[in-house]
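Before any comments, here is the structure.
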Amino acid sequence: MALTLESGLRELPGIGDARAARLAKLGLATVENLLGYYPRSYEDRTKISTIDGAPEEQPVCVAAFVAETPRVSHIRKGLELVKVKVADETAVMTVTFFNQAYVRDALRQGESYIFYGKVERQGRQRQMTNPVFEREGAARFTGCIMPVYPLTAGISNNLLAGLARRCVDACAGQVPELLPEEVRLAHSLAQVEFSCRNIHFPESWESLEIARRRLIFEEFFLLSCGMSLLRTGRDRGAGPAVENRDLASFLSLLPFSFTGAQRRTVDEAAADMASGRPMNRLVQGDVGSGKTAVAAACAWLAWRSGWQSALMAPTEILAEQHFRSLSALLSPAGMKVGLLTGSMRAAEKRKAKATLAAGQVDLMVGTHALLSEGVEFHKLGLVITDEQHRFGVAQRAALAAKADGGLRPHVLVMSATPIPRTLALIVYGDLDVSVIDELPPGRTPVETFVVGEDKRQRMYGFVRKLVAEGRQAYIVCPAVEENESPEGEDASGGLADLKAVTTYAETLKTQVFPDLRVAFVHGKMKPKDKDAVMSAFSAGDIDVLVSTTVIEVGVDVPNAALMIVENAERFGLSQLHQLRGRVGRGKHKSYCVLMTATHSQDSRARLKVLASTTDGFKIAEEDLKLRGPGDFFGSRQHGLPQLHIADLAGDVRLLKEAQQAAQELLEADPGLERRKHRPLLERVKRMFSDNPDIFN
Ligand code: ADP
Ligand code: MG
């Protein structure tokens, strides 16, 4: 039976149940799967050399004939040697195989083979150990660029390469061309068949590059199409009309003037809200860039057009904080701000809900409680979520669903995680993006130090000194308890030295700072207990707060002037930058101390980036280069389809090209409904099918 893309790998010779099961572990069930299973690297076996001319210390292919019958010797139990002399016109060479008895019968005297390995010299002797070899004239894996595949137990690279060879030969021509001809030509991209052949078995290094470029482009193109489809799907339907864009009287409420970036962001959001369609905008701004005031301006605009707004914060502390600052700002203009959180007393909650439903609240600030049953808005027009990486798409959608009559409210998402712009476009493809890339004037940067264990006592002394001056300090640790994974990470192992919040806080309390007020907080505590500790810290009743990264999210304690991070090398740079953003929020000179025991030059150099810049975007770019994109997205990353060959961090130029091309195509054929785009649409849907909820 002829092989097709749908054929199961069981149909290939040599693949029985056991191997099929192992291949399935690699996600390989069909020929199509295998063709899409790209090598992770390649071995250069193109150089053919004579025995005498072979370079040292570098494997090469040598064509030679077998000069004698291979000799087998048993050195000791479990060690069997096959030795054979081979020769070409330049020299003789001894080839030795360890524990590969089959070689004795595979190599025939008088026949020519290609041997791939390192030629070693000892005086006039030449020798090669455990080479790959093939009969000359029937060579498949010598004299070529050899693919090296990601493997699993029981599946060797030669086996995979053999399978790939068969599949490519039989089916490369059947792989559908998904890229429209005009896109392919405009971007000088190879055809799919060529790319499929050359990604597995490159004819040359140039061909490999050409194939790779096309396949990366294709993957980005599919991703961009999918994201744009999400966006167009969302654009259908009307949004609440917010036509009045006059901000003058709002601006007069502010105790400061907007920065240019804040102004631009508000203008962009105002234009969205006036467009007749629902806004779906992400506002990215570094810590302290003034996102709250931007949110306030939008809520104010909505109010002026008769709409209610909701502002959802990830913690009670943050919700209360927003409630206080927003009522202070907006109530003088006659706007009514309410608060709804889970820990409020039942009677208070009831009252808050009633005023909300009656339309007596114009801006409701709250936590997840806003999502609960029985929370009804009178006329919801705008939903704002703060620190969005803590909220899923589904939660945003749940809140938006609280608007009546099929009208979708405007959505504004605020995030302090700076993501390089191109990346944001992909990752938040369902959102428009505004960037607040300017801090309000007069901020003094937090002074940052990378400090080794030898200076620990000095660091404690510094804590004491600042506390004596009336300041407060955070100490952040990677884990909650001894011997466990850092919060929010699955990784484990080798963590014995990690500072753990509970035990470390105890040590600090009893041994290091018995005279100071030390408390701890971590993500496994009940929200109520957590918030109680945070409130006490906020009120100045705690000097030193030991915590995990739960305090990473927007809390504002202006009197905190010192951030110490233990095992700093365990954190991403962007995360450290977020942590650092917890200090330097008041009038006091502030410091960030990154403690690390690492002696790795790389780790230290990485941390030093933080000491040298306070630009969150620069730090994010650096992080992206060093650690890849995973860190940025947190759980949100799971909403993105997995990429097989493209690298969001590494191939930014191609990403932009593909994005542009996808956009143009979708302008011409918005739903990819034309017949010739049908396979493309199917493929995009398949790519996203593992993550249906991002289609919300
Ligand atoms: P974030 O973007 O981290 O949420 P906030 O909105 O909490 O930042 O703002 C941080 C601080 O900066 C607040 O105290 C706020 O009042 C102040 N602020 C915001 N915008 C300006 C501005 N344009 N000029 C001066 N201070 C500002
Ligand atoms: Mg904030």
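The values are calculated or read from the model by the stated rules, or taken from the named source; none is laboratory data. These numbers come from a predicted model, not from an experiment. Heads up, the Cβs are rebuilt from the backbone with ideal geometry, glycines too, and the neighbour counts pull from every protein chain shown. Side chains included, ligands, DNA and RNA excluded: accessible areas come from the protein's heavy atoms. Shrake-Rupley method; radii C 1.70, N 1.55, O 1.52, S 1.80 Å.
Give the whole-number value, in cubic angstrom per residue, of the convex hull volume spanned by the C-alpha atoms of the stretch 255-380.
Dividing the Cα hull volume of the stretch 255-380 by its residues yields 114 Å³.
Where the convex hull is taken over the Cα atoms of the stretch 187-265, what is its projected area averaged over directions, in nm²?
Value for the stretch 187-265: 10.2 nm².
Please report the spacing between the Cα centers of the stretch 102-160 and the stretch 1-62 in Å, no decimals.
Rounded to whole Å, the Cα centres lie 15 Å apart.
Let's see if you can work this out: charge +1 on each Lys and Arg Cβ, -1 on each Asp and Glu Cβ, no other charges. What is the dipole magnitude of the stretch 47-143 about its Cα centre, in debye to the nearest 20?
360 debye
Determine how many Å³ per residue the convex hull of the Cα atoms of the chain encloses. Don't jump to the answer; show the numbers that get you there.
On the way: hull volume 149.9 nm³, N = 696.
Roughly 215 Å³ of hull volume per residue.
With every protein chain kept in the model, how would you rank 499, 85, 336 by accessible area, 1.4 Å probe, largest at the top?
336, 85, 499
Multiply the residue gap between residue 43 and residue 618 by 0.36 nm, knock off their C-alpha separation, and tell me the result in nm, one decimal place.
Working: separation 575, 0.36 × 575 = 207.00 nm, distance 3.57 nm.
Here the answer is 203.4 nm.
Of all DSSP beta bridges in the chain, what percent run antiparallel (nearest 5)?
Close to 35 percent.
Do the sum for the chain: with -39,500 (n - 2.57) for every DSSP H run of n ≥ 4, divided by all residues, what is the mean residue ellipticity at 222 nm, to the nearest 500 deg cm²/dmol? Could you put the intermediate results ahead of the total?
Details: 23 runs with 250 residues, N = 696.
Computed mean residue ellipticity for the chain: -11000 deg cm²/dmol.
Please list 46, 548, 444 from largest to smallest accessible area, probe radius 1.4 Å, with all protein chains kept in place.
If we order 46, 548, 444 from most to least accessible, we get 444, 46, 548.
Calculate, for the stretch 1-105, the solvent-accessible area per residue in square angstrom, rolling a 1.4 angstrom probe over the heavy atoms of the protein chains. Working shown, then result.
Working: 5750 Å² over 105 residues.
Roughly 55 Å² per residue, with all protein chains present.
Compute the accessible area per residue over the stretch 447-613, keeping the other protein chains in place, probe 1.4 Å, unit Å².
Ligands and nucleic acids excluded, the figure is 43 Å² per residue.
In straight Cα distance, which lysines are under 19 Å from residue 85, not counting same-chain residues fewer than 8 positions off?
Output for residue 85: 118.
In the stretch 447-613, if the dipole is taken from +1 on Lys/Arg beta carbons and -1 on Asp/Glu beta carbons about the Cα centre, which of 555, 452, 612 is farthest to the positive end?
Selected residue: 612.
Pop out the Kirkwood hydrodynamic radius of the stretch 47-143 from its pairwise C-alpha distances, inverse of mean 1/r, in Å to one decimal.
Details: mean 1/r = 0.0748 Å⁻¹.
It is 13.4 Å.
In the chain, with Lys and Arg counted as +1 and Asp and Glu as -1 at Cβ, which of these residues, 288, 512, 55, has the Cα nearest the positive end of the dipole, that is, farthest along it?
512
Among the listed pairs 625/685; 291/465; 353/526; 291/528; 349/379; 353/530, which have their C-alpha atoms separated by more than 28 angstrom in this model?
Details: 625/685 30 Å; 291/465 33 Å; 353/526 24 Å; 291/528 26 Å; 349/379 19 Å; 353/530 25 Å.
With Cα atoms farther than 28 Å apart: 625/685; 291/465.
Which sequence of 205, 307, 300 reflects their accessible areas, 1.4 Å probe, from the largest down?
205, 307, 300
For residue 618, go through the lysines and keep the ones whose alpha-carbon is under 18 Å away, minus same-chain ones fewer than eight residues off.
Leaving aside lysines fewer than 8 places away in the same chain, those within reach of residue 618 are 608.
Calculate the translational D of the stretch 447-613 in whole µm² s⁻¹ from Stokes-Einstein, where the hydrodynamic radius comes from the Kirkwood formula applied to all Cα pairs, the temperature is 4 °C and the viscosity 1.567 mPa s.
Working: Rh = 15.9 Å.
D = 82 µm²/s.
Around residue 207, what is the net charge, scoring Lys/Arg as +1 and Asp/Glu as -1 over all other residues with Cβ under 12 Å from its Cβ?
Once all neighbours under 12 Å are counted, the net charge is +1.
Just how large is the dipole of the chain about the Cα centre, in debye to the nearest 20, putting +1 at every Lys and Arg Cβ and -1 at every Asp and Glu Cβ?
That gives the chain a dipole magnitude of about 920 debye.
Could you please state how large a percent of the accessible area of the chain is carbon and sulfur, counting protein chains only and using a 1.4 Å probe?
Solvent-exposed carbon and sulfur of the chain make up 50 percent of the total.
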